[in-house]
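K.L.:
I have a structure I would like to understand better, so I am pasting it below and will then ask my questions one at a time.
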Amino acid sequence: MVLDGLDQIPPRPAAAPAPPRPRPVPTARRDPRIRWEARRPPEARPAPRGPRPVGLGPTPRYSVPPRWGLVDVVTPAEEPRPSRTERLAGSLTPLLQATGSVLLVAAFAEAWIYALLIRNRTAPVGATTAGWAYAITWTLGVVSIVMVVASLLSFTEWLRRRRAEAFAEHDRLDPRPTWQLVVGCLVPVVNIVAPAVFLHELARCGHALPADRVMRVLRLWWAAWAALSALAIGTLVIRYASDSIQWGANAVLLTVVCDLAGAAFAVVSSRLLVRAFDPDARPEPSTRWLAA
């Protein structure tokens, strides 16, 4: 009976295998100056890399330039807009060149009038031809006067700014107020002498060119300006005071000469004044000669 009961007892289940103990992680010798070190646990450490493949494969290529990536959109800073006076001073050169062109065309128109007067001595000139000739001549005369006044205004503002910059470089203020510059440059007869005086004061204040060279050029410029002013005054007097056909023709011929001289003076002044007193407008020499 006992043996039969023992036969009916179920067998005891086998014990579960014990989990493997983690391998000890080798640690480097600790520096005695270090109190503790932060290390990742074993399960957070990356798996060891396998052996590198022998062949690396073909080099990547792009059929078209890639468009991915960061794009730096640089917005240029907006420059402050120049004021009206700055634009007026900066337009001196184009105004003088435009004035020279208008005076040159006016000279050809006056020469046409003179040619018609010569022809009229032997044969009458048609009313239509004479009307068109006088209309074109008067229109160009008015445009020439407007351009000359605009050039004088631009020259006055340019001179004021250049004098202010030149005296400021020497920690000084311009001794002449603005109204003196305006009166000296815009009032007729006064502007024959005053601009030359103002430019001589600017030249003595200091600039990059040699003083003797600038003074010599300014004397020639003033002599040409005075001669041109005297020619213009004489032409106006003869033109409006002539009481005969011959003196009227002489006034037309003097007008042609005056317009040509004014055109040449305007073009030369547009280069001379800016190159002499504006350091930014003087080109740097491309060749440097050294003593061998």
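The values are calculated or read from the model by the stated rules, or taken from the named source; none is laboratory data. Just so it is clear, the model here is predicted, and its values are computed rather than measured. Note that each Cβ is placed from the backbone with ideal geometry, even for glycine, and that neighbours are counted across all protein chains shown. Surface areas here come from the heavy atoms of the whole protein model, side chains and all, with no ligands, DNA or RNA. Shrake-Rupley method; radii C 1.70, N 1.55, O 1.52, S 1.80 Å.
K.L.:
Hydrophobic (A, V, I, L, M, F, W, C), modelled with pLDDT under 75, in contact with a helix residue (DSSP H, G or I) (Cβ under 8 Å, 6 or more places away or on another chain) and outside any helix (DSSP H, G or I): does that describe residue 54?
P.N.:
No.
K.L.:
Can you say whether residue 188 is touching a helix residue (DSSP H, G or I) at 6+ places or on another chain (Cβ under 9 Å) and not aromatic (Phe, Trp, Tyr), as far as the supplied structure shows?
P.N.:
The answer is yes for residue 188.
K.L.:
Could you check how many residues of segment 135-186 are outside any helix (DSSP H, G or I) and either surrounded by 12 or more Cβ atoms within 10 Å (Cβ to Cβ) or among the charged types (D, E, K, R) (or both)?
P.N.:
Number satisfying all stated conditions: 4.
K.L.:
Right, another one. List the residue pairs whose Cβ atoms are under 9 Å apart, where the first residue sits in segment 108-131 and is closer than 18 Å to residue 246 by Cβ, the second is open to solvent by less than 90 Å² (accessible area, probe 1.4 Å) and outside any helix (DSSP H, G or I), and the two are 6 or more positions apart or on different chains.
P.N.:
Matching pairs, first to second residue: 116/125; 117/125; 119/125.
K.L.:
So is residue 104 at pLDDT 90 or above, assigned to a helix (DSSP H, G or I), over 20 Å from residue 257 (Cβ atoms) and not aromatic (Phe, Trp, Tyr) or not?
P.N.:
no
K.L.:
For segment 244-277, which residues satisfy the criterion of being among the polar types (S, T, N, Q), surrounded by fewer than 15 Cβ atoms within 10 Å (Cβ to Cβ) and part of a helix (DSSP H, G or I)?
P.N.:
Residue satisfying the conditions is 246 alone.
K.L.:
What pairs can you find where one residue is in segment 250-271 and more than 13 Å from residue 233 (Cα to Cα), the other is polar (S, T, N, Q) and open to solvent by 20 Å² or more (accessible area, probe 1.4 Å), and their Cβ atoms are less than 6 Å apart, with a gap of 6+ or different chains?
P.N.:
270/93; 270/97
K.L.:
Which of the residues spanning segment 77-95 are open to solvent by 100 Å² or more (accessible area, probe 1.4 Å) and either touching a residue at least 60 places away in the same chain (Cβ under 8 Å) or in a loop (DSSP other than H, G, I, E, B) (or both)?
P.N.:
78, 79, 80, 81
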